[in-house]
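These notes concern the structure reproduced below.
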Amino acid sequence: MKIILLGPPGAGKGTIAKVLTQYDGSVQISTGDILRGAVAAGTELGKQAEAAMKAGNLVTDELIMGIMEQRLQQDDCKIGYLLDGFPRTIPQARALKTLLEKLNEKLDCVLELDISRDVIIDRLTTRRTCTQCGAIYNIKSKPPKVDGICDVCGSDIVQRDDETEAVISNRLEVYNDQTAPLVDFYRQEGLLLSIQTSDSGPVLEALKSRLR
Ligand code: AMP
């Protein structure tokens, strides 16, 4: 599968991507995870991305395309990939189209998770992430066994800097302004599959009938 997962922050793209990777060995590629790794490691890339990420703004298209041009040519992408958080702007989508033409590859579909703003804000403000292994918790629906401690690796779990209510509002605004136009872009390309849930069962069914 070569799929783009589209949807606002907190729509469940990462969770769905993880479920889908189990099907055929396609890899999940999350630009957010790549950037967070670079920030944590203090690399040049991390330094360039950090301020925009903390404020909930997008990093530049050039930076992202630099990462993705390399990443999509790595061997593990041959089986397939689930793009989680990329592309996020029309220029990124156009650059991806050009890159895929050059690599002689085609996307199977663009899966849009169309989730309401209230659900997103509630989900993100209650989400907690392990500082070490990245495991995701939710203080309402999936709390860790011991408060503040990761069940998987025993490290601290925290609220991400960009998951406070103020930053989330900005991220949603950025999504509406810069990323939502991709829905029409991919509809015109004949690739859009839109679904109003992030429950993996119905998402998988919709995807199967689309790819059949
Ligand atoms: P995410 O985990 O996908 O919500 O990404 C976290 C942050 O990383 C975003 O708020 C942006 O600052 C940055 N980021 C991730 N992917 C992209 C992208 N494709 N284009 C620009 N910025 C991105």
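Per-residue 3J(HN,Hα) values for the range 37-44, derived from phi via the Karplus relation 6.51 cos²θ - 1.76 cosθ + 1.60 with θ = phi - 60°, read x, 5, 5, 4, 7, x, 6, 4 Hz in sequence order (x marks Gly and Pro). Helix 165-174 and the long axis of the chain differ in direction by around 10°, with both axes built from C-alpha atoms.
At a threshold of 8 angstrom on Cα-Cα distance, excluding pairs fewer than six apart, so keeping six or more, what relative contact order does the range 102-202 reach in percent? Worked out over the range 102-202, it gives 38 percent. With all protein chains kept in place, the per residue accessible area of the range 106-163 amounts to 57 square angstrom at a probe of 1.4 angstrom. Put Glu163, Glu50 in order of accessible area, highest first, and with a 1.4 Å probe you get Glu50, Glu163. Between helix 13-24 and the chain there is an angle of about 60 degrees, using the helix long axis and the longest principal axis of the Cα atoms.
Think of each Lys and Arg Cβ as +1 and each Asp and Glu Cβ as -1; about the Cα centre, that makes the dipole of the range 6-163 roughly 220 debye. Please report the antiparallel percentage of the DSSP beta bridges confined to the chain, to the nearest 5. Among the beta bridges of the chain, antiparallel pairing accounts for roughly 35 percent. Only Cα pairs under 8 Å and 6+ residues apart enter the sum, and on that basis the relative contact order of the range 25-73 stands at 21 percent.
Modelling each spin label as a point 7 Å along the Cα-to-Cβ direction, I'd like the Thr98/Asn57 distance in nm, to one decimal. Result: 2.4 nm between the two label points. Here the Debye sum runs over all C-alpha atoms of the chain as equal scatterers in vacuum, and log10 of I(q)/I(0) at q = 0.17, 0.19 Å⁻¹ comes out as -1.36, -1.69.
Accessible surface of Thr98, taken over heavy atoms with a 1.4 Å probe and every protein chain present, rounds to 90 Å². Within the accessible surface of the range 119-207, defined with a 1.4 Å probe on protein heavy atoms only, the carbon and sulfur portion equals 48 percent. Residues Lys145, Lys54, Lys47, ordered by accessible area of protein heavy atoms at a 1.4 angstrom probe radius and largest first, appear as Lys145, Lys47, Lys54. Dividing the summed -39500 (n - 2.57) terms of all DSSP H runs of n ≥ 4 by the residue count of the chain sets its mean residue ellipticity at 222 nm at -14000 deg cm²/dmol. Considering only Cys130, Ala40, Gln74, and ranking their Cα positions along the charge dipole of the range 1-130 that arises from unit charges at the beta-carbon of Lys, Arg, Asp and Glu, the one farthest toward the positive end is Cys130.
For Val27, the amide hydrogen comes within under 5 Å of the amide hydrogens of Gly80, Tyr81, Leu82, counting only partners 5 or more places away or on other chains and with H modelled in the peptide plane. Look at the alpha carbon pairs under 8 Å that are at least 6 residues apart: their mean separation over the length of the chain gives a relative contact order of 29 percent. Our coupling estimate for the range 129-139, obtained by passing each phi through the Karplus curve with A = 6.51, B = -1.76, C = 1.60 and θ = phi - 60°, is 10, 6, 5, 9, 9, x, 4, 9, 10, 9, 5 Hz, Gly and Pro reported as x.
Taking amide H positions as modeled 1.01 Å from N, with prolines and chain starts lacking one, the residues under 5 Å from Thr197 and 5 or more places away or on another chain are Asp114.
The values are calculated or read from the model by the stated rules, or taken from the named source; none is laboratory data. Small disclaimer: the values here were computed from a predicted structure and weren't measured. When we count neighbours, we look across all protein chains shown, and the Cβ atoms used for this are built from the backbone with ideal geometry, even at glycine. Remember, those area values only see protein heavy atoms, side chains included, never the ligands or the DNA or RNA. Shrake-Rupley method; radii C 1.70, N 1.55, O 1.52, S 1.80 Å.
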